[in-house]
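The values are calculated or read from the model by the stated rules, or taken from the named source; none is laboratory data. Bear in mind the structure is a predicted one, so any value in this text is a computation, not a measurement. FYI the Cβ positions are ideal-geometry reconstructions off the backbone, even for glycines, and counts take in every protein chain you see.
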Amino acid sequence: MKQSYLILFSILIFLACILFSSFSSGPETIADSPGNYVKSQYHAGISDFGRAIHNLEIIALSLDDNTAAVTDLQKSFDQLRVSYKKIEFFAEYFDPEFIKDYINGPPLKSLERKSPSLSILEPEGMQVLEELIYGEDPYREKAAINKLVQALNDNFHYFKTYQQSIEMADRYIFEASRFQLIRVFSLGVTGFDTPMTDNAIKEASISMQSVFEALKPYLPLAKKKHSPMVEKLEKTFRGAVTYLNENEDFETFDRMEFLKGYINPLYRLILDLQLSLGIETYYETAPLTFKHSVNYLAGNLFDESLLNPYYYLKIRKIDDNKALVDLGRTLFFDPVLSGSNERSCASCHQPDKGFTDGNKKSIAMDFKGTVDRNAPTLINAVYADKYFYDLRVGEMENQIEHVIFDKREFHTSYLQMFEKLEQSEEYVTWFKSVFPDWEHEPINKNTFSAAITAYLKSLSGFNSPFDQYVRGETDELPEAVINGFNLFMGKAGCGTCHFAPTFSGLVPPLYHESESEVLGVTLHNLDSMPVIDPDVGRYKGNLKEHANIYKHSFKTTTVRNVSLTAPYMHNGVFETLEEVVEFYDRGGGQGLGLDVEFQTLPPDPLELTDLEKQHLVKFMEVLVDTTAMTTQPVRLPVFENQPELNQRIIGGIY
Amino acid sequence: MKKAYAMLIFVLTFYVNSYGQYFFDVSVDTAWTPTTVVLPPSPLKFQVLFVGGSDKVQTTATYGNEPGEALAKQWHDFIGFTPDDESDDLGWVSVNHERINSNDSIGDGGGMTVFKVARDPVTDEIIIKEQTLSDGRQGKFFNVDFVNTVGETGMNCGGITSLVDGRIWTAEEWFRNSNDDISSLRNQDPFTIITDIPGDFNGSVIERYQNFNYMVEIDPREAKAIRKQYNWGRQPFEGGTIMSDNQTVYLGADATPGFFTKFIAETPGDFTKGKLYVYKHDALTAPIDPWVEIDNKSLDNMLHFAERALAAGGTMFNRLEWLTNYDGKIYMSETGRDGLGTRFERGIAAGGVLDYHWLEPVRSRFPQMVDKPDDQVIEFVKRGGFNDYYGRILEFDPATGLVTTFLNGGPFFSESPEFAQYPEKHLSNPDGLNVMVIDGKPFMVICEDLNGTSNGRVPAGLRNRSCELYLLDMSIEDPAIEDLTRISVTPVGAEVTGAQATPDGKTLFVNSQHPSTANPFPYNNSLTYAITGWDIAVSAIEDIEEVVLDEKTALKVWPNPVAKELKFSRVLDAAIYNQSGQRIKVFRGQQSIDVSDLTPGFYFLNTSAGEVQRLIIK
């Protein structure tokens, strides 16, 4: 054994010699593996970032009240950004939480995680610095700038110590690269992390170049067997960098071309390279039962399977089947679930209206008034880590619970509901056949929730004409829609909150977290005097989020299928998409002159032209996919001993 | 031995540098001739006892509802255990629910569930008993009635099990500062205190929110709350411990600054009367007495405990969680906090002080602090310069009056460790703490509750919180992270908490709280489970600790057949292939792996050194 191993070893060393000697820009000594080489490059990058912070610190300390000094400060800040963008893909991959908290998080106050009582944190890091350094009067903010730079320097100590302690594995390099492509497209070129400057495209170019550099040492290893793939990858990377460099203007940058021509092809090619080298993916290093949010084997950002719906649900893929969905669908349309036997889930979530009800606010039990908010679409609703406009619930299974108990909705309880369902022999038999493991008590919270959530999961679709075009399945998409998409992801700033590919507040590139925003939505439409809607949203949602920064904060819902789901916003105040666009164009509540203390939407007008507004609407209107979602049950199960229940209407009377 | 280990590392590093990383074939030819080593499987048995949102609890008449049944609350935290001396049953298990729910029939707020357990004389397994309580409730699980006894409860997090007689207190988490903070509850009217605690409590009318955040004694036999301990102060309590004199109580508060307090009852077992003290390490009275009394007959003092403690110059801690005691000493987890900010600075301005247990963690992370005088290090902590990511376990010795560090969280590497040396064990944000005595030997049971995922609290490239449960042999002097034995990993995303042993040392009850929804039923709910067989397993644990790392002997892999944890005689880079030769798992730098996710059957283990072993997963 030992001997054969030695021989093998020598052969490999020999091979390594050959490989590396024929590759000039790669590792310089044969003792270095690509991983170690990339690691040393990364450590050098970390040191550069540290030096850039230090330089900024010196300049900020001696900041004077004149234009030249401010220009120097801004130049130094730009250099800091460049040095960060060179290492961002690893920094974010290894420690996204630290980066968000201290290095490159949004310039907004936030709540401390896992704190024993309410604790609001001030923003730290480069983005809040950018707001000051590129703000109206950096000199006036000198003290604040100095404090933030000092904090960044302190935090750099922790950053460097931890990041350099990580032993590089090959798969990290590939995974970090692919997640960076998602980040560049969804957060980079949209201007998400460049709140004040127009450097987004330039920064994307640096990102792409750095990812390419990290992958280069692996190319010779694959070249022998997979030469065309490697050549295509090299060519596409070079093309991407050139494209970005030649189109640096933020407003006119063609995101569609960048996506189709570079991001998507590279997203697949890097995967192909990884698999061809036999480098493991996270499926092989994590427990096989682990649910990953991103389907690593998907080859396109708009692949229908990019996101793993089961990540967000209690049911697992192996539990999901047609029988479960069919049962869930019947329950969804069965008014017997409600205390009055007259309301079903479908009462407020109607298939022909994109699973909304067309009302500003849904009708309450016994037709007495309305519930508090507008019924949101259920299509793609599974892709979230929190539910309700106020984000008060963490699991879809528990979302249902609030409908069941609410006196204005189902006005019942789990146990009452289950007892009633157990009166139907047909339901009991059906549950037993779908859940053979629960023979003794087939109707319970677990089985009920599994059926309903499986049905909700079936209401997923990323196959609109837009998606088909992006994936290259069709060449036809109206020019206006493409323009609208470019505006959405660029000048209009929509994509910085409605993130691709769900176009909701589910944050890329891990898609673990749903966000809410304070927009200052008004009580009446734009024709009336602006008055803020009194609904405080998230502030009165989850007790642990009872913070003033969440006053009037509402979940960022999806823009997909939005042409079916009027009226809009949590209170249904806007009848048309044109009105919605107008509201944003004017800068939300603050832009309308309202005092909205923690508005997260910039108050400045977007200055969209009428044509641009039309194109934006055209883009949103094309995002429709309800394929195979509108099926309704043709009959409801029989209650053998309660004939009066058998008169109930599919979907209820509401 | 050390040398052999070093050599091994060298050899492995050499592989890594040269070809070890290039790569296991995606699929291989399965015509191998592996050897199989068979060793006995683990003696530990797992049993799920109580599933939140699934098991039904018996309820009392609450908010106008009839007594009845409801689905149990979720978010299990503390577990209390009360032995039954009057029958052959083991005793009562009390489980906290750390979540505010508005619920008609089981009371607003967090709450508790109690149930009674016995041991099967043949299998040693835990059996849940049917009970009839004196209020007429019948069933297995009972909702503890707070609403009709002492008033609504907060989020119930930690608590106290008296080791003397099994009395149970539950701690109300999430400090409320105004009625606005209880706006989700149906009742915000002023609250009239009714209590047998002497002082100006009984009959006083307080704001509703001021009736939250106490230690609350409950009766697990009758599933009823007995008393809010107004005389221990209104504090963000997480844990406490009662000494063997049945008079002295030590308490910890989960805040920054959080205080370490002591209550001494006038007569053993009567906790309505006694004096309350806050810890002050630098108290100058002689003989050295690090305790300053706070008058606990004053309602005003008790409602504003933190202010009084600061004014008395109390020593400030960074989020004290659970406390326990063994052999006269008190152990408490200081879970830590990302970013201290100005919290200590403000505390000092109000009179608080910092002690010297900070010196070690700061100096181990900041080389430039090693030679600085102590006061400069404390100054550094004071100004918020120290990010306390990992926390620690503290020890208080009443004989010396000193709080010292028992075990620091971490480890934190200032230099990149070798791949094979990358820590298999990492302790972050210790929370639940207990002592389990197995066959006469004390072990500390430590539960993690990660405050975040940054700075290595989860492995690189994995972004889900995963909390672990560790055992520590308390006979080890000056223990370190490598002395920990990992005994249970809760389902992904969960906080492991509540670990509480039965007095016979055979069973450990553990809660898995708010797990990720990605686990199969019932592991996608908060649940209480029992791990039985420690009396047999503990010798096995010790044997494993002593496995000698030796690169000269042939690779040993055990147990085989294996159900859960597969161990190797040395650190490995290896891949597991199924019978058709398809690669399904790759791991690097590991000395043990969890294979419970593999479907039972035959597999092959292929190491980077070319060894092949056949595996049987059962």
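What do you reckon, is residue A:464 modelled with pLDDT of 95 or more, out of contact with any Phe, Trp or Tyr (no Cβ under 7 Å at 6 or more places or on another chain) and small (Gly, Ala, Ser)?
On the way: modelled with pLDDT of 95 or more: yes; out of contact with any Phe, Trp or Tyr (no Cβ under 7 Å at 6 or more places or on another chain): yes; small (Gly, Ala, Ser): yes.
Yes, satisfied.
Do you know which residues across region A:300-324 are surrounded by 18 or more Cβ atoms within 10 Å (Cβ to Cβ), at pLDDT 95 or above and under 20 Å from the mean Cα position of the chain (by Cα)?
A:300, A:301, A:302, A:303, A:306, A:307, A:308, A:309
One residue is enough: does region B:394-411 have a residue meeting the conditions within 24 Å of residue B:467 (Cα to Cα), surrounded by fewer than 20 Cβ atoms within 10 Å (Cβ to Cβ), within 14 Å of chain A (Cβ to nearest Cβ) and within 28 Å of the chain's Cα centre (by Cα)?
Yes, there is a match, as at least one residue in region B:394-411 is within 24 Å of residue B:467 (Cα to Cα), surrounded by fewer than 20 Cβ atoms within 10 Å (Cβ to Cβ), within 14 Å of chain A (Cβ to nearest Cβ) and within 28 Å of the chain's Cα centre (by Cα).
Pick from B:572, B:605: which is away from chain A (no Cβ under 11 Å), surrounded by 20 or more Cβ atoms within 10 Å (Cβ to Cβ) and modelled with pLDDT under 90?
Numbers: B:605 fails: modelled with pLDDT under 90.
Step by step, each of B:572, B:605 is checked, and only B:572 is away from chain A (no Cβ under 11 Å), surrounded by 20 or more Cβ atoms within 10 Å (Cβ to Cβ) and modelled with pLDDT under 90.
Enumerate the strands (runs of 3 or more DSSP E) found wholly within region B:134-211, keeping only those where 3 or more residues are within 14 Å of chain A (Cβ to nearest Cβ) and within 26 Å of residue A:118 (Cβ to Cβ).
Output list reads B:155-161, B:168-173.
Which is at pLDDT below 95 and closer than 30 Å to residue A:96 by Cα, of A:546, A:552?
Numbers: A:552 fails: at pLDDT below 95.
Criteria check complete, one pass: A:546.
Residue A:640 - would you say it is farther than 21 Å from residue A:492 by Cα, free of Cβ contacts under 8 Å to residues at least 60 places away in the same chain, surrounded by fewer than 19 Cβ atoms within 10 Å (Cβ to Cβ) and of a type in the set (Asp, Glu)?
It is false that residue A:640 is farther than 21 Å from residue A:492 by Cα, free of Cβ contacts under 8 Å to residues at least 60 places away in the same chain, surrounded by fewer than 19 Cβ atoms within 10 Å (Cβ to Cβ) and of a type in the set (Asp, Glu).
To keep it simple, each residue is scored yes or no on (1) surrounded by 18 or more Cβ atoms within 10 Å (Cβ to Cβ); (2) out of contact with any Pro (no Cβ under 8 Å at 6 or more places or on another chain); (3) without any contact (Cβ under 8 Å) to a residue 40 or more places away in the chain; (4) not aromatic (Phe, Trp, Tyr).
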site: A:171; (1), (2), (3), (4): yes, yes, no, yes
site: A:185; (1), (2), (3), (4): yes, yes, no, no
site: A:207; (1), (2), (3), (4): yes, yes, no, yes
site: A:215; (1), (2), (3), (4): yes, yes, no, yes
site: A:219; (1), (2), (3), (4): yes, yes, no, yes
site: A:224; (1), (2), (3), (4): no, yes, yes, yes
site: A:229; (1), (2), (3), (4): no, yes, no, yes
site: A:240; (1), (2), (3), (4): yes, yes, yes, yes
site: A:248; (1), (2), (3), (4): no, yes, no, yes
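Answer yes if at least one residue in region B:454-467 is among the aliphatic types (A, V, I, L, M) and at pLDDT 90 or above, and no otherwise. Before you say what the answer is, go through the steps one by one.
Going residue by residue through region B:454-467, those that are among the aliphatic types (A, V, I, L, M) are B:458, B:460, B:462.
Still in the running and at pLDDT 90 or above: none.
No, because not a single residue in region B:454-467 is among the aliphatic types (A, V, I, L, M) and at pLDDT 90 or above.
If residue A:609 satisfies every condition in (1) buried (at least 21 other Cβ atoms within 10 Å of the Cβ); (2) outside the structural domain of residue A:371 (by TED's automatic domain parsing) but one, which is the exception?
Unmet for residue A:609, out of (1) buried (at least 21 other Cβ atoms within 10 Å of the Cβ); (2) outside the structural domain of residue A:371 (by TED's automatic domain parsing): (1).
What's the total number of residues in region A:211-250 that are within 24 Å of residue A:129 (Cα to Cα) and in contact with a Gly (Cβ under 9 Å, 6 or more places away or on another chain)?
Going through region A:211-250 one residue at a time, the tally reaches 1.
Looking at A:123, A:107, can you tell me which residue is within 13 Å of another protein chain (Cβ to nearest Cβ) and in a loop (DSSP other than H, G, I, E, B)?
Answer to the selection: A:123.
Could you look through region A:274-289, keep only residues that are among the small types (Gly, Ala, Ser) and assigned to a loop (DSSP other than H, G, I, E, B), and pick out the one that is modelled with the lowest pLDDT?
A:286
Can you confirm whether residue A:386 is among the basic types (Lys, Arg), touching a residue at least 60 places away in the same chain (Cβ under 8 Å) and either within 14 Å of chain B (Cβ to nearest Cβ) or surrounded by fewer than 20 Cβ atoms within 10 Å (Cβ to Cβ) (or both)?
So residue A:386 fits the description; yes.
Six or more apart or on different chains, Cβ atoms under 8 Å: show the pairs whose first residue is in region A:143-166 and at the interface with another protein chain (Cβ under 10 Å from one of its Cβ atoms) and without any contact (Cβ under 8 Å) to a residue 60 or more places away in the chain and whose second is part of a helix (DSSP H, G or I) and basic (Lys, Arg).
From region A:143-166, the pairs are A:161/B:365.
Please go through region A:596-627 and give me each residue that is aromatic (Phe, Trp, Tyr) and not in a loop (DSSP other than H, G, I, E, B), ordered by number.
Of everything in region A:596-627, just one residue is aromatic (Phe, Trp, Tyr) and not in a loop (DSSP other than H, G, I, E, B), namely A:619.
Is it the case that region A:338-349 has a residue that's away from chain B (no Cβ under 13 Å), touching a Cys at 6+ places or on another chain (Cβ under 7 Å), in a loop (DSSP other than H, G, I, E, B) and free of Cβ contacts under 8 Å to residues at least 60 places away in the same chain?
For region A:338-349, residues away from chain B (no Cβ under 13 Å), touching a Cys at 6+ places or on another chain (Cβ under 7 Å), in a loop (DSSP other than H, G, I, E, B) and free of Cβ contacts under 8 Å to residues at least 60 places away in the same chain: absent.
Taking the condition of being among the small types (Gly, Ala, Ser) and more than 25 Å from residue A:353 (Cα to Cα), how many residues in region A:592-647 meet it?
Final tally of qualifying residues: 1.
Within region A:519-541, can you find the residues that are closer than 15 Å to residue A:110 by Cβ and either hydroxyl-bearing (Ser, Thr, Tyr) or surrounded by fewer than 19 Cβ atoms within 10 Å (Cβ to Cβ) (or both)?
Within region A:519-541, A:539 is the sole residue that qualifies.
Any residue that is surrounded by fewer than 23 Cβ atoms within 10 Å (Cβ to Cβ), among the hydrophobic types (A, V, I, L, M, F, W, C), modelled with pLDDT of 95 or more and more than 21 Å from the chain's Cα centre (by Cα) - is there at least one of those in region A:127-137?
So far as region A:127-137 goes, yes, one or more of its residues are surrounded by fewer than 23 Cβ atoms within 10 Å (Cβ to Cβ), among the hydrophobic types (A, V, I, L, M, F, W, C), modelled with pLDDT of 95 or more and more than 21 Å from the chain's Cα centre (by Cα).
Name the single residue, out of those in region A:389-425 being surrounded by 15 or more Cβ atoms within 10 Å (Cβ to Cβ), out of contact with any helix residue (DSSP H, G or I) (no Cβ under 8 Å at 6 or more places or on another chain) and part of a helix (DSSP H, G or I), that is nearest to the other protein chains (Cβ to nearest Cβ).
The residue in question is A:415.
Please enumerate the residues belonging to region A:426-445 that are free of Cβ contacts under 8 Å to residues at least 12 places away in the same chain and assigned to a helix (DSSP H, G or I).
Result: A:429, A:432, A:436, A:437, A:438.
May I ask you to say which residue of A:362, A:344, A:340, A:413 is closer than 20 Å to residue A:540 by Cα, small (Gly, Ala, Ser) and outside the structural domain of residue A:558 (by TED's automatic domain parsing)? First the steps, then the outcome.
Working: A:344 fails: closer than 20 Å to residue A:540 by Cα; A:340 fails: closer than 20 Å to residue A:540 by Cα; A:413 fails: closer than 20 Å to residue A:540 by Cα.
Testing whether each residue is closer than 20 Å to residue A:540 by Cα, small (Gly, Ala, Ser) and outside the structural domain of residue A:558 (by TED's automatic domain parsing) leaves just A:362.
Considering only region B:333-364, how many residues are of a type outside the set (Gly, Ala, Ser) and in a helix (DSSP H, G or I)? Break it down into steps so the answer makes sense when it comes.
Here is the first cut: in region B:333-364, the ones of a type outside the set (Gly, Ala, Ser) are B:334-335, B:337-338, B:340, B:342-346, B:348, B:353-363.
Keeping just the survivors that are in a helix (DSSP H, G or I) gives B:343-346, B:348, B:356-363.
Residues meeting the conditions: 13.
Within region B:212-241, restricting attention to residues that are away from chain A (no Cβ under 14 Å) and charged (D, E, K, R), which residue is surrounded by the most Cβ atoms within 10 Å (Cβ to Cβ)?
Here the residue is B:228.
Filter region B:302-329 for residues that are under 15 Å from residue B:274 (Cα atoms) and surrounded by fewer than 23 Cβ atoms within 10 Å (Cβ to Cβ) and give the result.
Within region B:302-329, none qualify.
Which residues, taken from region A:255-282, are of a type in the set (A, V, I, L, M, F, W, C) and away from every other protein chain (no Cβ under 14 Å)?
A:256, A:258, A:259, A:263, A:266, A:269, A:270
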